[in-house]
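The values are calculated or read from the model by the stated rules, or taken from the named source; none is laboratory data. None of these values were measured; they are calculated from a predicted model. All Cβ positions, glycine included, derive from the backbone under ideal geometry; neighbour counts span all protein chains shown. Ligands, DNA and RNA are stripped out before the accessible areas are found, and what is left, the full protein with its side chains, is counted by its heavy atoms. Shrake-Rupley method; radii C 1.70, N 1.55, O 1.52, S 1.80 Å.
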Amino acid sequence: MVGQSQTKRSTSEFEFYPYRYFAAEGFLPGYNFPRLPVRAYIPAGDKGEFVSRPRVVALREFAPSNFLYYEGSKFEVYKTRVPAGGIDRDYQRVSVCPNCGYFHDGDNSLRDTCENCRSRLVSDRNGNPAKLNRVLEMGTMITRRRERITCDEEERLKYGYNLTTHFRYDAQNRETATVAAADGTPLLKLTYGETAKLWWINRGSKRNQERGFKLDGKTGLWGEGNRQTNSAIDSSLPTPEVHLLVQDTSNILVVEPMIALNETAEAFLATLQFALERSIQAVYKLEDDELCSERLGQGRHFLFWEAAEGGAGVLSQLLKPQAFQAIAQAALDICHFIHPKQSCSQACYECLLSYRNQFDHPLLNRHLIRSWLEQLTGSTVSYDRPIPRDAHYQQLCAQVDRHSLFEQQVLDAIYQRGLKLPDAAQALIAEANCKPDFLYRSQGIAIFCDGSAHDHSDQQQRDRIDRDNLTYHSNYSVFVLRHDENWQEKLDFLATLID
Ligand SMILES: [Zn+2]
Ligand SMILES: [Zn+2]
């Protein structure tokens, strides 16, 4: 592939071409590949230039009516590229949870309650609506040169944009665990999501709490002012409340502190978020920009994600039994509780403050989390079982042999009848070197689903050897379901064994 680094001249169009091409053709899964940046066209020089930014940065910098400075001149973002089929087809309808930030699109956007936390999908505490009817994925933006910025524009720029962060687990790739203190008090709930999706939505200028942007779908011009000067003959109004979105795929960890809600909860949560972020970075030797975090929705869900290309692989390690002991120690150290620093009354740039969290500075107070961190030093992480039935079923579906239709039929029947679901599908019993189709571990039952592939006599002989081996070398009993017998009836019998 062509180099990823960017030089200044107009080679940028060429540089990203292979990635853009493959992505457009649907070959790129969007993960473990360089993440496509968003570009803005600048009409400078002979042919103009493209500048690119990482997606989340672009969502602010290339937002409609924002100004870019390029080689000493000012450029205003005023237009978006209109695809051949028109912009209207590109609008998505989404809904996001006010409590945990969970993202719902497609048919899920019509839900009334959050799929993740069951909260009602209503406006969040800042008045941001949960349901958005016109959300547009940010594409290439186009700028024009501007000599000066008006007072009104300057005022608007000062306010900045209202951005919200959202996520969604990949159904088959999520694990939940609890971090409990030595005395058993639950401290944190963890949900680790591998290859989860992240979204950021630009909901418009913060000034006057504007909702989205206005966009002329025919010309791609943003705002109202642009239209009047550019398409005076067209009397149709621009489409209001268009929201811009960028997305990414990443390993994530959602951390929910289990604390009572009281008047210091917000300050406690903000302080804990940054203490955890900095201590995870310290323990796993990550740079600031390799691990990011945000408080979502009501502030009780911390989202951590691996921002490094391809992921640093750290977040999955936080589910190890003792992981939070080291993090607690590092946090106590960072917050000057091991080597006292008298001059730091609540927080300083050495412990919790950074340029990035400046809006939270008034909330940060290291003393609020001290005793909580001390409890965390003796903590243990344990996986939560059972997982919700639907999620469990989805996991099993992902594990079954995709070549065996019968196996899936059996699983579906178990699920639909409301029977206890197997603990695992296609799991290896090492001592017998055998992979039963389904396992009920505590009952010691290994289920084999013999589809038509098992009709041949040589296969039947191999099956017999495998299964004899299993009963001989392990504590499992073999339970066979054959596709050409009344296996449904046999499930009734299975139900009595697993109850
Ligand atoms: Zn939710
Ligand atoms: Zn300090």
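Given Lys320/Lys420; Lys285/Lys320; Lys47/Lys218; Lys74/Lys158, which pairs have Cα atoms separated by over 20 Å?
Going by Cα-Cα distance, Lys320/Lys420; Lys47/Lys218 fall outside the 20 Å limit.
For a Förster distance of 30 Å, can you work out the FRET efficiency between the beta-carbons of Gln426 and Ala308, rounded to the nearest 0.05?
0.40
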Pulled fully out, how much extra length does the chain show between Val57 and Leu110, if you take 0.36 nm times their separation in residues and subtract their Cα-Cα distance?
-> 16.1 nm
Taking the Cα centre of the stretch 250-383 as the origin, how large is its charge dipole in debye, to the nearest 20, when only Lys and Arg (+1) and Asp and Glu (-1) carry charge on their Cβ atoms?
-> 360
Please give the per residue volume of the convex hull enclosing the alpha carbon atoms of the stretch 250-383, rounded to a whole number of Å³.
-> 113
Rounded to the nearest Å, what's the spacing between the alpha carbon centres of the stretch 112-158 and the stretch 40-99? Just the number, please.
-> 13
Measure off 7 Å from each Cα along the Cα-to-Cβ vector at Gln375 and Arg462, then give the distance between these two points in nanometres to one decimal.
-> 5.5
Distance between Cα centroids, the stretch 186-216 to the stretch 251-325: provide it in whole Å.
-> 17
Counting only DSSP beta bridges with both partners in the chain, the antiparallel fraction in percent, to the nearest 5, comes to 85
Counting only heavy atoms of protein chains, what accessible area per residue, in Å², does the stretch 389-498 have with a probe of 1.4 Å?
-> 55
Relative contact order of the stretch 389-498, pairs being alpha-carbon contacts under 8 Å that are 6 or more residues apart, as % | 23
Evaluate the distance, in nm, between pseudo-label points positioned 7 Å from the Cα of Cys344 and of Ile498 along their respective Cα→Cβ axes.
-> 5.3
Given a 1.4 Å probe and every protein chain left where it sits, what share in percent of the accessible area of the stretch 243-303 is carbon and sulfur?
-> 44
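Relative contact order, percent, of the chain when contacts are C-alpha pairs under 8 Å separated by at least 6 residues?
Once normalised by length, the contact order is 11 percent.
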Efficiency of FRET between Ala84 and Cys397 - r from beta-carbon atoms, R0 41 angstrom, step 0.05 | 0.60
Hey, rough spin-label estimate for Arg356 and Asp183, points 7 angstrom out along Cα→Cβ, what's it come to in nanometres?
-> 3.5
Reported to two decimal places, what Rg/Rh ratio describes the chain when computed on Cα atoms with Rh from the Kirkwood expression?
-> 1.04
In whole percent, what relative contact order does the stretch 250-383 give with Cα contacts below 8 Å and a gap of six or more residues?
-> 31
Could you run the Debye sum over the Cα atoms of the stretch 328-451, one equal point scatterer each and no solvent, and tell me log10 of I(q)/I(0) at q = 0.15, 0.16 Å⁻¹, two decimals?
-> -0.71, -0.76
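Among 45-55, 243-253, what's the highest-first ranking by average C-beta atoms within 10 angstrom per residue?
So the order, starting with the most tightly packed, is 243-253, 45-55.
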Return, for the Cα atoms of the stretch 132-209, the radius of gyration and Dmax in Å, separated by a comma.
-> 20.9, 66
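As a test of the formula, what do you get for the chain when each DSSP H run with n ≥ 4 contributes -39,500 (n - 2.57) and the sum is divided by the residue count, at 222 nm and rounded to the nearest 500 deg cm²/dmol?
-7500 deg cm²/dmol
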May I ask you to list the lysines whose Cα is less than 20 Å away from that of Lys131, ignoring any residue fewer than eight positions away on the same chain?
-> Lys197, Lys206, Lys214
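Please sort by residue number the trypsin sites (Lys or Arg not before Pro) in the stretch 436-499 whose DSSP state is loop and whose Cβ has at most 15 other Cβ atoms within 10 Å.
Filter output for the stretch 436-499: Arg441.
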Note, the stretch 269-274: 3J(HN,Hα) by Karplus (6.51, -1.76, 1.60, θ = phi - 60°), whole Hz, Gly/Pro = x, goes 5, 4, 5, 5, 4, 6
So how strong a dipole does the chain carry about its Cα centre when Lys and Arg Cβ are +1 and Asp and Glu Cβ are -1, to the nearest 20 debye?
-> 1700
